[in-house]
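These notes are about the structure you will find just below.
The values are calculated or read from the model by the stated rules, or taken from the named source; none is laboratory data. This one's a predicted model, so the numbers in the text were calculated from it and none came from an experiment. Here the Cβ positions follow ideal geometry from the backbone for every residue, glycine too, while neighbour counts run over all protein chains shown.
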Amino acid sequence: MIVKETKLKGCFIIKPQVFKDKRGYFLESYNQATFNEALSIDINFVQDNESQSSKGVLRGLHYQRGEHAQSKLVRVVKGRVLDVVVDIRKSSPTYGKHVSIELSEENKMQFFVPKGFAHGFLVLEDDTIFSYKCDNFYNKESEAGIIYNDKGLNIDWHLPVSDLILSEKDLILPFFKDVEPC
């Protein structure tokens, strides 16, 4: 496994070792001991989630507040996404900054997003399957988010706004300046 920290402290891009032969491929998508040692953390994932989406679907930017905050390990099983995280840790030197990375079934990369970040992704191919592990259980009362097109964040989503498909809930999220920081 190759691990590289992004410009946002605590966010890591992970490239698993892939073994290919004429039958196909094999990879270990997660091993708690190896993961914790490589990232120098102690994390215990308790929930796995998966979504299937069409091209143009934008989910996010979401996070959980308070005691229900979640760290996530995300990856694409099928298709391609633009994955985006925003640092919402008020005490962080990168507060309000974001990082984006393309995750795909081809590159097999994973992205570790610690607590204190808003997360979202844009689906770049039809029938994309997105999978992620969380270290805390989902709590509806603790969910929060930031509007995807916040001008202060200036995120390049790589598709025209007219091609984006968002939920009603995601269309009314607040601006970054109006959210309570972690």
Completion exercise
Among strands (runs of 3 or more DSSP E) entirely inside segment 43-134, those with 1 or more residues being among the hydrophobic types (A, V, I, L, M, F, W, C), in contact (Cβ under 8 Å) with a residue 60 or more places away in the chain and farther than 26 Å from P160 by Cα are 72-78, 110-113, 128-134
Practice task
Give the number of residues within segment 135-170 that are assigned to a loop (DSSP other than H, G, I, E, B), of a type in the set (S, T, Y) and touching a helix residue (DSSP H, G or I) at 6+ places or on another chain (Cβ under 6 Å).
Solution key: 0
Handout entry: Which numbered condition K9 misses (of (1) assigned to a strand (DSSP E or B); (2) loosely packed, with under 15 Cβ neighbours inside 10 Å; (3) out of contact with any Leu (no Cβ under 8 Å at 6 or more places or on another chain))
Key = (1)
Practice task
State whether one or more residues within segment 74-93 are of a type in the set (S, T, N, Q) and more than 16 Å from the chain's Cα centre (by Cα).
Solution key: yes
Exercise for the section: Answer yes if at least one residue in segment 22-31 is at pLDDT below 95, within 17 Å of the chain's Cα centre (by Cα) and of a type outside the set (G, A, S), and no otherwise. Expected result: yes
Problem - Any hit, segment 88-95, residues being of a type outside the set (F, W, Y) and closer than 19 Å to V57 by Cα - result: no
Practice task
For segment 119-127, state whether one or more residues are under 22 Å from E28 (Cα atoms), modelled with pLDDT of 95 or more and touching a Phe, Trp or Tyr at 6+ places or on another chain (Cβ under 9 Å).
Solution key: no
